Amino acid sequence: NSIEHFTSHENLKKFYDYLDINKYEYPDGLEMDLEMLSADLDKGLYLDSNIPQGYGVGSSGVLVASVFGAYTKKHPVPWPDSNMVVLKKYFSFMESFFHGKSSGLDPLSCFMQKPLLVSSPGKIEIVKFPPENIDCLFDIFLLDTGLTSKTEGGVQRFLEKSKNSNFKEVLESTIIPGNNHCIDTILNGKIMKFLDELRVFSGLQLKYFSEMIPGQFKNLWENGIQTGDYSLKLCGSGAGGFILGFTPDIKKVGEF
């Protein structure tokens, strides 16, 4: 009977309404057992999760994956890994309720319980992490901003920003390649190179996504870039929640 459980229950009722109203727009082959979901909601159904909402770490993804796994009664292909592109399409439709527009990757990763590599729109792979041929160790940490942020607002701001031709050019020529370099190096186990690439990418986020970094954390962000002791990266749509950190030695980070 906690406030969290009540809030979860109310959110699930709204999600049910969305699924029911849009049931004729489901991706081909998807059929949800809405009668069972409705009956369970009448009994007080809620999602018991320790993932904070509005923190960029997949709270809506977990909810979508949970509902999908429990209440999908018809699908065109077997899963878990025979056709993740089709599953992504389902999850994109479902999670759009929460964000206005969703790639579907967060709930897909939650459902698979594995890290995923999207090589192209038609190719999604499960990857092993950390790779077997890793050349050195590193540490990952989360920095709590103490702020919450709605993903939908962040997505809309980014889409509006992408309409600017100058920003779009930077995005395609610098930011996306920088992100891909980070992915390539870590998947190949080249961690020292990965940390170098990430330091550059952290600088790109500070420069081009400054409005998504809470003001009181910008000096901390820049300090990591200058010293090389750590690199920070946005989680989700930014503007609050957690900030993701990488460091060659967690002892260098200490307490912020």
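The values are calculated or read from the model by the stated rules, or taken from the named source; none is laboratory data. Just so you know, these numbers come straight off a predicted model, no measurement behind them. All Cβ positions, glycine included, derive from the backbone under ideal geometry; neighbour counts span all protein chains shown. In case anyone asks, the SASA skips ligands and DNA or RNA and just uses the protein heavy atoms, side chains included. Shrake-Rupley method; radii C 1.70, N 1.55, O 1.52, S 1.80 Å.
So here's what we get for this one:
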item	result
Of all accessible heavy-atom area on the chain, the percent that carbon and sulfur account for (1.4 Å)	51 percent
Prolate/oblate/rounded label for the stretch 105-194 (Cα gyration tensor, a/c 1.5)	prolate
Packing-based ranking, highest mean first, of 127-139, 173-185 given that Cβ atoms within 10 Å are counted	173-185, 127-139
Estimated 222 nm signal from helices in the chain, with DSSP H stretches of n ≥ 4 weighted -39500 (n - 2.57), rounded to 500	-15000 deg cm²/dmol
On Cα atoms only, tilt of 191-208 relative to the major axis of the chain in degrees	80 degrees
Per-peptide average of other Cβ atoms within 10 Å, ordering 202-211, 34-43 highest first	202-211, 34-43
Efficiency of FRET between ASN188 and ASP42 - r from beta-carbon atoms, R0 35 angstrom, step 0.05	0.10
Cα gyration tensor shape of the stretch 147-248, rounded if a/c is under 1.5, else prolate or oblate by comparing a/b with b/c	oblate
Rg(Cα)/(2.2 N^0.38 Å) for the chain, N = residue count	1.09
Cβ-Cβ FRET estimate between GLN156 and SER120, R0 fixed at 25 Å, reported to 0.05	0.45
Sorted peptide list for 10-20, 91-101, 156-166, criterion being average Cβ within 10 angstrom, highest first	91-101, 10-20, 156-166
Rounded, prolate or oblate (a/c below 1.5 giving rounded, otherwise prolate when a/b exceeds b/c) for the stretch 189-256 by Cα gyration tensor	prolate
Crossing angle, helix 84-99 versus the chain [Cα axis fit, 0-90 degrees, rounded to tens]	90 degrees
For the chain, accessible area per residue (1.4 Å probe, heavy atoms of protein chains only), Å²	56 Å²
